[in-house]
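Visitor: Before we start, here is the structure in question, set down as structure tokens.
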Amino acid sequence: MRILVTNDDGIFSPGIKALGLAMAALGEVYVVAPDVEQSAVGHGITVRRPLRFKHTQSAGFGEIPAYRVDGTPADCVVLGVHLLGRPDLLVSGINIGVNLGLDLTHSGTVAAALEGTSLGIPSLAFSLDTSGEELDFTEAARWAVRIARLVAEEGLPKGVLLNVNFPPGKPKGVMVTRLSTHRYEDTVVERLDPEGRPYYWIAGTPVGEEEEGTDLFAVRRGYISLTPVSLDFTAYGVLEGLAAWRERLEADLHPLL
């Protein structure tokens with residue numbers, strides 16, 4: 001089995017090193033990751049400038065080939081697939097910090113898995129709650145191998161990725177979850193540069209309801225959350241209501257025809 005490993009924290013992150021080395025137990029691993037941190041860049045693809053793709057022995061993966069890209073996580077997936085060959089499995093992470101609920105809309109870690117899924121590759125995104133005292137990926141990496149092995153054996157439905165979040169420390173077990181309302185409540189901080197001109201920082205405070213059955217509920221209670229995420233964003237429950245809108249919109253056009 002060939003496994004493509006990527007992330008959004010950058011190729012020198014301890015999370016991707018732990019994941020890449022752990023995945024070697026399952027097959028042939030190769031790493032393609034951003035050269036610098038690309039957190040919260042979402043599913044962006046670079047189309048307005050060229051990209052660099054460089055082998056990076058200093059990343060610390062030993063015999064595992066590792067390449068850095070001066071682009072987004074999704075760029076890394078595209079280049080990795082086209083330049084190194086199609087993998088049997090794509091794993092993204094282990095992210096420093098959780099990706100729960102509405103975090104998925106801007107997470108580069110999840111975006112890499114989205115890109116892999118769009119290419120028809122079974123894909124997983126792994127994230128770790130780093131609110132504990134130590135930044136330790138040991139347990140997360142060990143569980144990531146078990147989960148990835150099961151996905152390799154059983155597969156995932158077409159157009160579906162698996163978003164996995166680990167609690168800090170040793171997990172109590174696993175919960176299959178839905179997305180929560182977890183999000184960051186944005187604030188804008190205004191400051192002045194040395195010449196007196198204003199500039200702005202976008203900051204955020206995590207908020208969300210810990211409803212039973214959600215990813216936030218699981219992780220806050222020490223469990224691993226497994227959340228299936230679909231590429232199909234269609235709100236099927238709204239289609240019927242919008243059909244009535246269509247009739248009204250077309251009726252408004254008749255006097256103009």
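The values are calculated or read from the model by the stated rules, or taken from the named source; none is laboratory data. Note that the coordinates shown come from a computational prediction; the quantities given were computed from them, not determined experimentally. Glycine also receives a Cβ, built like all others from the backbone with ideal geometry; neighbour counts cover every protein chain displayed. All accessible areas refer to the heavy atoms of the entire protein, side chains included, with ligands and DNA or RNA removed. Shrake-Rupley method; radii C 1.70, N 1.55, O 1.52, S 1.80 Å.
Visitor: Could you say which residue among ALA40, ALA22, ALA18 is open to solvent by less than 80 Å² (accessible area, probe 1.4 Å), of a type in the set (A, V, I, L, M) and either at positive phi or in a loop (DSSP other than H, G, I, E, B) (or both)?
Guide: Within the list ALA40, ALA22, ALA18, the selection yields ALA40.
Visitor: Next question, about the same structure. So ALA140 clears everything in (1) in contact with a Pro (Cβ under 9 Å, 6 or more places away or on another chain); (2) farther than 21 Å from VAL47 by Cα; (3) open to solvent by less than 20 Å² (accessible area, probe 1.4 Å); (4) outside any helix (DSSP H, G or I) except one condition, right? Which one?
Guide: Against the list (1) in contact with a Pro (Cβ under 9 Å, 6 or more places away or on another chain); (2) farther than 21 Å from VAL47 by Cα; (3) open to solvent by less than 20 Å² (accessible area, probe 1.4 Å); (4) outside any helix (DSSP H, G or I), ALA140 comes up short only on (4).
Visitor: Quick test of your reading of the structure: ILE45 fulfils all but one of (1) assigned to a strand (DSSP E or B); (2) more than 28 Å from GLU153 (Cα to Cα); (3) of a type in the set (Val, Ile, Thr). Name the failing condition by number.
Guide: Status for ILE45: all satisfied but (1).
Visitor: Can you tell me which residue is surrounded by the most Cβ atoms within 10 Å (Cβ to Cβ) among those in segment 56-90 that are outside any loop (DSSP other than H, G, I, E, B) and at pLDDT below 95?
Guide: ALA59
Visitor: Among the residues of segment 211-235, how many are under 16 Å from ARG178 (Cβ atoms), under 21 Å from the mean Cα position of the chain (by Cα) and in a loop (DSSP other than H, G, I, E, B)?
Guide: Residues that pass the stated criteria total 4.
Visitor: What is the one condition in (1) touching a strand residue (DSSP E or B) at 6+ places or on another chain (Cβ under 9 Å); (2) open to solvent by 30 Å² or more (accessible area, probe 1.4 Å); (3) free of Cβ contacts under 8 Å to residues at least 60 places away in the same chain that ARG48 does not satisfy?
Guide: Only one criterion is unmet by ARG48, namely (1).
Visitor: From the list GLY204, GLY196, GLY208, which residue is of a type in the set (Gly, Ala, Ser) and exposed (fewer than 10 other Cβ atoms within 10 Å of the Cβ)?
Guide: Residue meeting the stated conditions: GLY196.
Visitor: Could you grab me the full set of residues in segment 155-183 that are open to solvent by 50 Å² or more (accessible area, probe 1.4 Å) and within 16 Å of the chain's Cα centre (by Cα)?
Guide: Result: ARG178, LEU179, ARG183.
Visitor: Check ARG68 against each of (1) among the basic types (Lys, Arg); (2) free of Cβ contacts under 8 Å to residues at least 40 places away in the same chain; (3) touching a strand residue (DSSP E or B) at 6+ places or on another chain (Cβ under 6 Å) and name the one condition it does not meet.
Guide: ARG68 satisfies all of (1) among the basic types (Lys, Arg); (2) free of Cβ contacts under 8 Å to residues at least 40 places away in the same chain; (3) touching a strand residue (DSSP E or B) at 6+ places or on another chain (Cβ under 6 Å) except (2).
Visitor: Is it true that SER230 is under 19 Å from LEU128 (Cα atoms), open to solvent by less than 70 Å² (accessible area, probe 1.4 Å), hydroxyl-bearing (Ser, Thr, Tyr) and modelled with pLDDT of 90 or more?
Guide: Judged against the criteria, SER230 is not a match.
Visitor: Another question, then. Among the residues of segment 91-114, are any on the phi > 0 side of the Ramachandran plot, open to solvent by 10 Å² or more (accessible area, probe 1.4 Å) and at pLDDT below 95? Spell out how you get there, then give the answer.
Guide: Keep residues of segment 91-114 that are on the phi > 0 side of the Ramachandran plot, which gives 93, 97, 101.
Then keep just the ones that are open to solvent by 10 Å² or more (accessible area, probe 1.4 Å); that gives 97.
Imposing the further condition that a residue be at pLDDT below 95 reduces the set to 97.
Yes: one or more hits.
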